[in-house]
Ligand code: NAD
């Protein structure tokens, strides 16, 4: 598809920040541009501003003097909407108010010729809603630029349900001809960038609300370990908490208050207090002149003469490796806590937070709460010896970077699965729109979807099952990918876990009689499935709660026995959230939450089509004996 010809005039309505930027882009690309604004003098003022911006672009070497002069001659402010007659494309960038935009589009429809394409730069409104009452909604699409439009390359071309495919194709070609990188998105809340980016802020605020990590440390880890250009708090201070919160709220509302998008209470309070960020002289941090607090950093530790061996090579960007010195073993976090990894073993497992690559300046680590001090110091000394600054974090699921990247990858996968955009476009949008160091879909694929789902499951068990629920499609990806199994060491570990749980399962006639099947097992986790048969429902067609309890309890038992120790239940509580009916396919996902010596706590969530219908917590105790011979443990 060809772009709109340069000879075709372009109209821009709304001469604020975005309208001025878009008009500049179109004029530099060679179009005659007519700028209209309802406020007296606003369009003329915007044209003056664009002239100044063009001059600055020349000074900075981004534009030749004659290109700027030519662009300036093509720009003009117009006084009425009728002056836009004859434009082949009109881009609307007025206030973010549905009724104002609807009225404007009705006016444009009356003024512009039948072939003119009408585009909206809305960030959060539905293209369908904007075009709803028009006679020809097929010619309306979103053309979502990012601020500042002349500098940022990304443009989301947004198709509503009634947008003509040819119109979207034309806008993609035109945005490319204007020097932009277009991506295609369906008109769903937040399109690509504003939807997929929510966890970047959301997870940071949750960490701060929990009081476990301070803001400067979160920012430093995401920058110096995760490779993000700016930390979430410094970025939100720059954007403005009012703007950031408004996007969060609009996505949350548009998704029917889905807990995945629940806005932060802390950010609400900042906005209520007028602490909007840099523009008000302070937000999370003080104003521009206020000294920035230093991130938490471990003091240098003189590393002793211990020899460290590693399997899979130490690499904080890749799951599956291990490095140890006999007393301490380092592993990349997989969502479970260091206490869970350590179990009752004599050596201490210290977890390393995810990093973008080996060159990370800083690494976060976490050890079990009561780990011997010398073990933690040995881990710090080892990492400092490799040249990393080290931040010691509390032993919480997913630490800082891993939980952020896992939730971003899940949001990217969800956008792809919901048909918002292709994986490639999601990644392009996040790299160009918000400067992410890697596309989150590609990042999730590289880490393994099993790892991503594992981190989410651990967060679901520890914090909020609704917010961190794994979608059925992501669960399927995780099952298909197998992820961690590629690593021979982890595979051996998981293999023992699987054989131990199989040995236990073989003797569990009751669960088998109910038609349960074990779907997946690895150390401390298990998934068990059950279909609700006609003989499992009561007179109202509702599955007996006792059978859902039995399903959760079976998953709990399998997960506990993955440690290859005979385990019995000490107690279990279940909360039913929604009923199950005949024919429903139920999936119980068990994750060990805590383990110490011979006792453990395991959380189980029972899902139906990705929705939580029951939550179960079980406490277990080991009794002497193994399920399969211990010597096979290697
Ligand atoms: P702004 O407040 O800077 O400018 C809006 C302009 O629209 C004002 O000059 C106003 O006088 C004019 N206006 C209002 N009603 C009008 C009407 N009926 N007819 C003609 N002109 C009218 O706003 P902005 O930040 O440039 O945002 C404009 C649009 O772009 C919004 O939909 C916003 O969501 C979207 N957007 C903003 C950003 C951003 O970072 N600011 C980024 C992407 C998209």
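Quick notes on this structure:
- Listed by first and then second residue, the pairs with beta-carbon distance under 7 Å, at least 6 apart or on different chains, first residue in segment 34-61 and without any contact (Cβ under 8 Å) to a residue 40 or more places away in the chain, second assigned to a helix (DSSP H, G or I) and more than 16 Å from the ligand (Cβ to nearest atom), are 51/72; 54/68; 54/71; 54/72; 55/68; 58/65; 58/68.
- Looking across segment 260-287, the residues that are surrounded by fewer than 13 Cβ atoms within 10 Å (Cβ to Cβ) and part of a loop (DSSP other than H, G, I, E, B) come down to 273, 274.
- Take the conditions (1) away from the ligand (no atom under 16 Å from the Cβ); (2) closer than 27 Å to residue 95 by Cα; (3) in the same structural domain as residue 156 (by TED's automatic domain parsing); residue 4 misses just one of them, which is (3).
- Selection within segment 344-357 - within 7 Å of residue 316 (Cβ to Cβ) and either surrounded by fewer than 24 Cβ atoms within 10 Å (Cβ to Cβ) or at pLDDT below 95 (or both): none
- Any chance residue 156 is near the ligand (Cβ under 10 Å from one of its atoms), assigned by TED's automatic domain parsing to the domain that holds residue 54 and not in a loop (DSSP other than H, G, I, E, B): yes
- Extreme residue, nearest to the ligand (Cβ to nearest atom), among residues of segment 79-127 that are without any contact (Cβ under 8 Å) to a residue 60 or more places away in the chain and in a strand (DSSP E or B): 120
- Positions within segment 84-113 being surrounded by fewer than 17 Cβ atoms within 10 Å (Cβ to Cβ) and closer than 21 Å to residue 21 by Cβ, in sequence order: 95, 96, 97, 100
- Matching residues, segment 517-566, being under 29 Å from the mean Cα position of the chain (by Cα), within 16 Å of residue 584 (Cα to Cα) and either free of Cβ contacts under 8 Å to residues at least 60 places away in the same chain or surrounded by fewer than 22 Cβ atoms within 10 Å (Cβ to Cβ) (or both): 529
- Condition met for residue 171 (within 16 Å of the ligand (Cβ to nearest atom) and touching a helix residue (DSSP H, G or I) at 6+ places or on another chain (Cβ under 9 Å)): no
- Test: residue in segment 323-332 that is under 29 Å from residue 435 (Cα atoms) and in contact with a strand residue (DSSP E or B) (Cβ under 8 Å, 6 or more places away or on another chain): yes
- Residue match in segment 321-329 (condition: in a loop (DSSP other than H, G, I, E, B), farther than 16 Å from residue 372 by Cα and touching a helix residue (DSSP H, G or I) at 6+ places or on another chain (Cβ under 6 Å)): no
- The residues of segment 159-173 that are in a helix (DSSP H, G or I) and farther than 18 Å from residue 26 by Cα, listed by number, are 165, 166.
- Taking the criterion of being surrounded by fewer than 21 Cβ atoms within 10 Å (Cβ to Cβ) and more than 14 Å from the ligand (Cβ to nearest atom), the residues of segment 69-78 that qualify are 69, 70, 72, 73, 74, 76.
- Residue among 20, 93, 77, 38 that alone is modelled with pLDDT of 95 or more, in the same structural domain as residue 132 (by TED's automatic domain parsing) and out of contact with any helix residue (DSSP H, G or I) (no Cβ under 8 Å at 6 or more places or on another chain): 38
- Verdict on residue 349 being touching a helix residue (DSSP H, G or I) at 6+ places or on another chain (Cβ under 9 Å) and either closer than 24 Å to residue 460 by Cβ or part of a helix (DSSP H, G or I) (or both): yes
- Residue that is in contact with a helix residue (DSSP H, G or I) (Cβ under 6 Å, 6 or more places away or on another chain), at pLDDT 95 or above and either surrounded by fewer than 23 Cβ atoms within 10 Å (Cβ to Cβ) or more than 26 Å from residue 233 (Cα to Cα) (or both), where the choices are 416, 452, 420, 392: 416
- Here segment 26-45 is the region considered, the condition is being crowded, with 24+ Cβ neighbours inside 10 Å, within 16 Å of the ligand (Cβ to nearest atom) and in a helix (DSSP H, G or I), and the residue that is farthest from the chain's Cα centre (by Cα) is 43.
- Considering (1) in a loop (DSSP other than H, G, I, E, B); (2) touching a strand residue (DSSP E or B) at 6+ places or on another chain (Cβ under 8 Å); (3) within 20 Å of residue 371 (Cα to Cα), the lone condition that residue 290 does not fulfil carries the number (3).
- Lone unmet requirement of (1) away from the ligand (no atom under 16 Å from the Cβ); (2) under 18 Å from residue 152 (Cα atoms); (3) in a helix (DSSP H, G or I) for residue 61: (3)
The values are calculated or read from the model by the stated rules, or taken from the named source; none is laboratory data. Not measured: the values here are computed from a predicted model. Note that we place each Cβ from the backbone using ideal geometry, even for glycine, and neighbour counts take in every protein chain shown.
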